[in-house]
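> Below is the structure I would like to discuss, written out as structure tokens.
The values are calculated or read from the model by the stated rules, or taken from the named source; none is laboratory data. Keep in mind that this is a model prediction, so the values were computed, not measured. Neighbour counts run over all protein chains shown; Cβ positions are idealised from the backbone, glycine included.
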Amino acid sequence: MTQSESTFPFVVAVSLFDTPEEQFIFDQPEVMVGRCADADLHIAHPAFSRRQLTIQRIVPRIGRPRFRIVPHATTNPVLVNGIPAVEGSIVFGDVVAVAETRIVLRKARRRSALKVTPLRIALGVIGVLSVAMVTRLALMPVRPGPAMVMPQFKLFYNLPQVSCADATTCIERARTAYTHAKTYTKQAASVPGGWYHATMELYRAHELERQSGRRIAGLENVRAELTTAATSAESIYNDLQFRLARDLRANDPDALRETIAMLVLVVPDEQHPLRQKLNEYLREHPLPPKPGAKR
């Protein structure tokens, strides 16, 4: 590897929903992204923690540079391509999501055409927007594409009523719900909708314990686990809503088919307003058959 390869700048592109990207160029081993004033990439969005994540550039003795992401312990999780992030490798084009914000690592152009961003300077439009302005932009609907714009719906919009006849019944049902929740949690990394089901079971366990009027042994962490499961489910759901808005704007039937199929798995409640809106959309805009599919 030449010296120029080891120091070649790279681009971090930031966007909100389907808004145009704002691109920032770096030439350093690490880029810390967060809401604090001394972040290398300062994003003034309420979903961001002071130190949300770090992007590392690793230059081996042999081969080209590679990149790693280090998510920090924060309230809102970091997703990479829709999956909760762990410390590990990322490549150009991977989509890093925190709430409505999307961060994509991109290759830089030729060095002669670049102006490298100095370390820890307030960067571009996103870097200097107020929290209120960024929030307003994040909630703006995308511009209508050839078909339609899908409204944004909350995932857990209407939690079910939970009741039990007596304390003994409440405790038994709470333990059963908690056992189911633990099973769904184990499957959540590989089964779409796992976090949704885990959240609903943890919610039932928490409500039944509350109605029993007692502290149930083994359920000491049910409230914290409920928060974790709900946050994970909402992050995956929000990312799919972002993909749906993008696919609708592009009027891409193949991408829409895949995204809608994922949403059906992630939101198993057929009465959910997003599911109903999707059904309405498909009635008015039926997707063409998949190439090669039998008619």
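> Where residues in the stretch 213-248 are of a type in the set (D, E, K, R) and in contact with a helix residue (DSSP H, G or I) (Cβ under 7 Å, 6 or more places away or on another chain), which of them is farthest from Arg173 (Cα to Cα)?
This residue is Asp247.
> Within the stretch 119-138, does at least one residue satisfy the condition of being modelled with pLDDT of 50 or more and among the hydrophobic types (A, V, I, L, M, F, W, C)?
Within the stretch 119-138, none of the residues are modelled with pLDDT of 50 or more and among the hydrophobic types (A, V, I, L, M, F, W, C).
> Does the stretch 76-91 hold any residues that are assigned to a loop (DSSP other than H, G, I, E, B) and either of a type in the set (Lys, Arg) or touching a residue at least 40 places away in the same chain (Cβ under 8 Å) (or both), and which are they? Walk me through it before giving the result.
Here is the first cut: in the stretch 76-91, the residues assigned to a loop (DSSP other than H, G, I, E, B) are 76-78, 81-82, 85-87, 91.
Listed by number, the residues that qualify are Asn76, Pro77, Gly82.
> Among (1) surrounded by fewer than 16 Cβ atoms within 10 Å (Cβ to Cβ); (2) farther than 17 Å from Pro9 by Cβ, where does Pro29 come up short?
If we test Pro29 against (1) surrounded by fewer than 16 Cβ atoms within 10 Å (Cβ to Cβ); (2) farther than 17 Å from Pro9 by Cβ, just (2) comes out false.
> On to the next question. Which residue out of Ala113, Ala85 is at pLDDT below 70 and over 14 Å from Leu16 (Cα atoms)?
Details: Ala85 fails: at pLDDT below 70.
From the options Ala113, Ala85, the qualifying one is Ala113.
> Out of the stretch 220-254, which residues are farther than 15 Å from Met200 by Cα and more than 18 Å from the chain's Cα centre (by Cα)?
Listed by number, the residues that qualify are Glu220, Asn221, Leu248, Arg249, Ala250, Asn251, Asp252, Pro253, Asp254.
> Specify the residue that is modelled with the lowest pLDDT; the eligible residues are those in the stretch 1-35 that are under 24 Å from Thr74 (Cβ atoms) and in a loop (DSSP other than H, G, I, E, B).
Restricting to residues being under 24 Å from Thr74 (Cβ atoms) and in a loop (DSSP other than H, G, I, E, B), the top hit is Phe17.
> Pick from Leu202, Leu240, Leu208, Leu226: which is modelled with pLDDT under 90 and part of a helix (DSSP H, G or I)?
Leu240
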